[in-house]
1. Tell me, please, whether a residue that is at pLDDT below 95, on the phi < 0 side of the Ramachandran plot and of a type in the set (Lys, Arg) can be found in the stretch 111-121.
2. Just to be sure I understand, how many residues within the stretch 109-164 are of a type in the set (Val, Ile, Thr), more than 16 Å from the ligand (Cβ to nearest atom) and over 22 Å from the mean Cα position of the chain (by Cα)?
3. Of the residues that make up the stretch 253-261, is at least one among the β-branched types (Val, Ile, Thr), buried (at least 21 other Cβ atoms within 10 Å of the Cβ) and closer than 27 Å to residue 165 by Cβ?
4. Criterion first (more than 16 Å from the ligand (Cβ to nearest atom), touching a residue at least 24 places away in the same chain (Cβ under 8 Å) and surrounded by fewer than 18 Cβ atoms within 10 Å (Cβ to Cβ)) does residue 202 satisfy it?
5. Name the helices (runs of 4 or more DSSP H) wholly inside the stretch 309-404 in which the number of residues that are within 29 Å of the chain's Cα centre (by Cα) and touching a residue at least 40 places away in the same chain (Cβ under 8 Å) is 1 or more.
6. Any residue in the stretch 56-81 that is more than 13 Å from the ligand (Cβ to nearest atom) sitting within a Cβ distance under 6 Å of a residue that is of a type in the set (D, E, K, R)? List the pairs, counting only those 6 or more apart or interchain.
7. Would it be correct to say that residue 273 is part of a loop (DSSP other than H, G, I, E, B) and over 27 Å from residue 70 (Cβ atoms)?
8. Given the options 158, 229, 129, 219, name the one that is surrounded by 21 or more Cβ atoms within 10 Å (Cβ to Cβ), in contact with a Leu (Cβ under 8 Å, 6 or more places away or on another chain), of a type in the set (Gly, Ala, Ser) and not in a helix (DSSP H, G or I).
Amino acid sequence: MSFERVQEKLNILADAAKYDVSCSSSGSNRTNTNKGLGNASNSGICHTYTEDGRCVSLLKILLTNHCIFDCAYCVTRKSNDIKRAAFQVQEVVDLTINFYRRNYIEGLFLSSGIFKSADYTMERLVSVAKKLRLEENFNGYIHLKSIPGASDELMREAGLYADRLSVNIEIPTEEGLKLLAPDKNRADFIKPMEKVKNEIIQYKSEKKLIKSTPKYAPAGQSTQMIVGASGENDMQIMYTSNYFYKNFNLKRVYYSGYVPISYDTRLPQIGTPVPMLRENRLYQTDWLLRFYGFHIEEILNKDNQYLDLDIDPKLGWALRNLHEFPVDVNKADKRMLARIPGLGMKSVFKILSARRYRQLNWDHLKAIGISFNRAQYFLICASNQFETRDLTPEKIKGLILQNSKSKYTSMLSNQLNLFG
Ligand code: SF4
């Protein structure tokens, strides 16, 4: 193959893939057998963090940016006047193997515009993964995007070769989807998700009986929603997210602040800031629901349809429920400890363990690593040095913000540095 031509395709198709944020490669346990050397400076390589904090690099590309659909929010839409390109299956295989051998990447994130039909495209995505696994004996991480509307048979095959599969919901409500992506309908996302969920369950139960049963999508499935393209409030976004977590056993939902890329009256105009802070607050809420034992109605409901951008959602909940505080850290159960602003789950576990040996005071809590600025208004311990109990929610919020301005500013770009 001509190096220049492949390089040109790589530039186009890596650039087109950068809008997709759903590429965390968490949860896979395939063995990395590569022992080469190299660096990660090539275009098309993204870094992503796993749930256990590991940073991994992936070759992140589209198979093609040709598309028969015209979703208004997408740079690849058919009406957009851009340079188009398409990789051949073998070209993606060769690129992946070359980058992997040089130690530039630990895996592949492969998505695609839809050319001809959902199945035609999905078949090619599956072929890449199949060739990598069977012909190249590739044990690196593979994340394949599933094409909405792809057949059950192709979805079944995809999971046998990919570590993770994902179908992007993109727009959180059906009305929004109808407005911005009239060629799509929600049933086309749900069908492959349902299939993947059922296959994962089935393969897992078969593996318990027959050891040689292959793994099916061992890192599970995920999805992505665009935030700020179609006017939904935070409550609608998080209820959609909650629905998909519960019904399709998703590993992750990713929230991607809309980047204005087109002059279209249905969308925020070019120059509108990307809603990064809102995106961060949604991730924090997602974390509260999955790991901190909160119910969605406690955070978002008819009276609170948007998250407070000034403060994290746990602090927001605490200020609305001051009657639940102060919590005695030497006596409270795990559930209530996890609800104290300024305490992450790591601190909660450390407290539970440390208090078996002594009554904890502020010095102990600071040593454990709690965020004193937020926590001081919501807990009691074996000293009352800092306690002030006659403050209104507004006053507490003001004091916390006053003492944490620089930290909040720096948090804007750090989506997963959540609660402390
Ligand atoms: S189908 Fe996918 S690639 Fe095609 S325009 Fe819609 S979002 Fe973009």
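1. Scanning the stretch 111-121, I find no residue that is at pLDDT below 95, on the phi < 0 side of the Ramachandran plot and of a type in the set (Lys, Arg), so the answer is no.
2. 2
3. yes
4. So residue 202 does not fit the description; no.
5. 313-320, 334-337, 345-354, 372-375
6. The qualifying pairs are 56/106; 57/106.
7. no
8. 229
The values are calculated or read from the model by the stated rules, or taken from the named source; none is laboratory data. Model, not experiment: these values are computed from the prediction. Positions of Cβ are backbone-derived with ideal geometry, glycine not excepted, and every protein chain shown enters the neighbour counts.
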